[in-house]
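The values are calculated or read from the model by the stated rules, or taken from the named source; none is laboratory data. Being a predicted model, the structure only gives us computed values, none of them experimental. Here the Cβ positions follow ideal geometry from the backbone for every residue, glycine too, while neighbour counts run over all protein chains shown. Heads up: the accessible areas ignore ligands, DNA and RNA and are worked out on the full protein's heavy atoms, side chains in. Shrake-Rupley method; radii C 1.70, N 1.55, O 1.52, S 1.80 Å.
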Protein chains: 2
Amino acid sequence: MTAVRKMIILGIDPSLRSTGFGVIEVKGNQTTALCHGHVKNPPTVLPSRCLVRISDAVTKLIGEHSPEAVAIEGLVYVQNTRIAFTLGQVRGVIIAAAARNDLPIYEYAPRKVKQAVTGLGGAGKTQVGNMVKAMLGLREIPQADAGDALALAICHAHNCRGVQIKPPKQI
Amino acid sequence: MTAVRKMIILGIDPSLRSTGFGVIEVKGNQTTALCHGHVKNPPTVLPSRCLVRISDAVTKLIGEHSPEAVAIEGLVYVQNTRIAFTLGQVRGVIIAAAARNDLPIYEYAPRKVKQAVTGLGGAGKTQVGNMVKAMLGLREIPQADAGDALALAICHAHNCRGVQIKPPKQI
């Protein structure tokens, strides 16, 4: 009998005011959620301090769950470069926190994530939330950003199993 | 006799492969460079690891020189959002390193910096380098990114003296 390999993945959906996170454990065909939530940064907190809070939260999650990989949302469409700069700043502290712990970081485009979870690249938030709930056997639909983060982790798990088409680029 | 207040400023010009830095000390009318250089990240280093190296370098500079403020290049024109994301990531780790040390961070647009140093918003790299050399009494023209970082620190010093027009927004 071959021992079933256990794989822990941390998914992160970056955003300055509400970064979603989700940790999943994959063991054979069984996928469970170890934890999920979002880092809430009220509008009163300076952007620079939000970055520290996000960085600390990611570092804490890595310390607590020892994931072997981090899956992060890839480059999304943004209306202007100012938003790209802001989102880039958040991505920067997350990527650095993972790299500091020698973890490989993989990017997945939103379409790929939706496809991996619902089978549809153009799926809506509710569809993603419902599927994440069903796939992980959660009692409730997770908070939207946490749900997206869990979907990212699931997407990476699929990819490792060879379900997805193209391997993602490590950043 | 009133004691002349000493002010130490860290200027940073963010870039993934070559982040410029410069620390200046302002004492009355005298401005001197305490250190300057650039964090060189060869193309073989993964972007995620570059971010850690930049973050560590900034943290080390803060520890060594105890600046009271950080001046960083503001949002620059970029050709596409992918570049904005990459530059944003670098900015993120720099801003977080400063915020983690409870330092105020100020952004200055490239035009403002050039104007503060040369009197011309459209000044070229060579003009900026020459003026930085003259203003700080350096023996040689600093490396381009280090020169831009020193210019940023000088720009913030001018601003604190009330030479500049509009106060920058703290981020």
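Determine which member of the set B:Arg82, B:Arg53 is within 16 Å of B:Pro14 (Cα to Cα), at pLDDT 95 or above and either within 9 Å of chain A (Cβ to nearest Cβ) or open to solvent by 40 Å² or more (accessible area, probe 1.4 Å) (or both). Full working, then the answer.
On the way: B:Arg82 fails: at pLDDT 95 or above.
After applying the criteria, what remains is B:Arg53.
Considering only the range A:112-123, how many residues are part of a helix (DSSP H, G or I) and either farther than 16 Å from A:Asp13 by Cβ or open to solvent by 20 Å² or more (accessible area, probe 1.4 Å) (or both)?
First, pick out the residues of the range A:112-123 that are part of a helix (DSSP H, G or I): A:112-118.
The next check asks that each one be either farther than 16 Å from A:Asp13 by Cβ or open to solvent by 20 Å² or more (accessible area, probe 1.4 Å) (or both); those that pass are A:112, A:114-115, A:118.
Total meeting the criteria: 4.
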Applying the selection to the range A:1-28, what residues are polar (S, T, N, Q) and under 20 Å from the mean Cα position of the chain (by Cα)?
A:Ser15, A:Ser18, A:Thr19
Residue among A:Ala153, A:Ala134, A:Ala149, A:Ala96 that is at the interface with another protein chain (Cβ under 9 Å from one of its Cβ atoms) and either in a loop (DSSP other than H, G, I, E, B) or small (Gly, Ala, Ser) (or both):
A:Ala96
Subset of the range A:99-111 (residues that are part of a helix (DSSP H, G or I) and either under 13 Å from the mean Cα position of the chain (by Cα) or under 10 Å from B:Phe85 (Cβ atoms) (or both)):
A:Pro110
Being open to solvent by 70 Å² or more (accessible area, probe 1.4 Å), basic (Lys, Arg) and touching a strand residue (DSSP E or B) at 6+ places or on another chain (Cβ under 6 Å), is that true of even one residue in the range A:56-66?
no
Residue check: is B:Val58 at pLDDT 95 or above and over 13 Å from the mean Cα position of the chain (by Cα)?
no
Yes or no: the range B:124-132 includes at least one residue that is under 22 Å from B:Arg53 (Cα atoms), at pLDDT 95 or above, surrounded by 24 or more Cβ atoms within 10 Å (Cβ to Cβ) and not charged (D, E, K, R).
no
